[in-house]
Amino acid sequence: MRRTLLAVALLIPLSAFAETRVYVSGGKSFTTWHGQADLQAVHFEVGRALSPRTTVAAVVSPMTLWQPRSWFGDQFGDGNETVRALAATLLVRRSFRVQAPVQWYVEGATGPMVAEKRVPASTSRFNFITEVGAGMVFNANGRLPIMAGYRFMHISNGGYSPRNPGLNVSAAVIGVQLRSATMRRR
């Protein structure tokens, strides 16, 4: 019951926003002595333009991570594991060349992430994810703008767990922006 009320409480203010984006990202963490992780995510973004160049958005991202099961990589031969996670971030995006058919953007986002198992292994199920990225939007003023870019993600528990190695992930991003008719007239 509490989860349903929370979802409704979040959806009511979000329904007033006009910009919606759906995109996917996939990448790998940098290889360390802990091993290397793969991350795939679907991002559902609902935002509002503060100005023609600046957008603020709430993003919900279901993720799948593949990581070494042991904190010590494959040293003990205990195999690997797939972990599902959910992140909720607040994103700020700044666009350039807003009247052109191809726009550039830079963005930053941060928020909590909860996983079904510890990420990285032997650390914590609750983490924070911080993201910075850049990319381009093609057909920016058309009916279905397509975005493509790069995103750097840092996943860490912020030091509240005894172990805090974190993951640094480089990811490619591709998706579409769905907008209302009023947004296209801007």
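For this structure, a couple of remarks:
- Residue list for the range 134-146, restricted to those being within 20 Å of Gln40 (Cβ to Cβ) and crowded, with 20+ Cβ neighbours inside 10 Å: Gly135
Rundown of residues vs (1) touching a strand residue (DSSP E or B) at 6+ places or on another chain (Cβ under 9 Å); (2) touching a residue at least 24 places away in the same chain (Cβ under 8 Å); (3) surrounded by 20 or more Cβ atoms within 10 Å (Cβ to Cβ), yes/no style:
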residue: Ala100; (1), (2), (3): no, yes, no
residue: Gln103; (1), (2), (3): yes, yes, yes
residue: Ala109; (1), (2), (3): yes, yes, yes
residue: Pro120; (1), (2), (3): yes, yes, yes
residue: Phe128; (1), (2), (3): yes, yes, no
residue: Tyr150; (1), (2), (3): yes, no, no
residue: Val173; (1), (2), (3): yes, yes, yes
residue: Leu178; (1), (2), (3): yes, yes, no
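- Filtered residue count, the range 151-180, keeping only those that are modelled with pLDDT of 95 or more and aromatic (Phe, Trp, Tyr): 1
- Residue pairs whose Cβ atoms lie under 6 Å apart, sitting 6 or more positions apart in sequence or on different chains, and linking a residue in the range 48-61 that is touching a residue at least 12 places away in the same chain (Cβ under 8 Å) and in a strand (DSSP E or B) to a partner that is surrounded by fewer than 21 Cβ atoms within 10 Å (Cβ to Cβ) and aromatic (Phe, Trp, Tyr), are Arg48/Phe17; Val60/Phe44.
- Pick from the range 79-115, criterion within 20 Å of the chain's Cα centre (by Cα) and β-branched (Val, Ile, Thr), ranking: farthest from Arg125 (Cα to Cα): Val106
- When the range 67-126 is filtered for residues that are small (Gly, Ala, Ser), modelled with pLDDT under 90 and in contact with a Lys or Arg (Cβ under 7 Å, 6 or more places away or on another chain), the ones remaining, listed by number, are Gly79, Ala121, Ser122, Ser124.
The values are calculated or read from the model by the stated rules, or taken from the named source; none is laboratory data. Note that this is a predicted model, so its numbers are computed, not measured. As a convention, Cβ positions derive from the backbone with ideal geometry for all residues, glycine included, and neighbour counts pool all protein chains shown.
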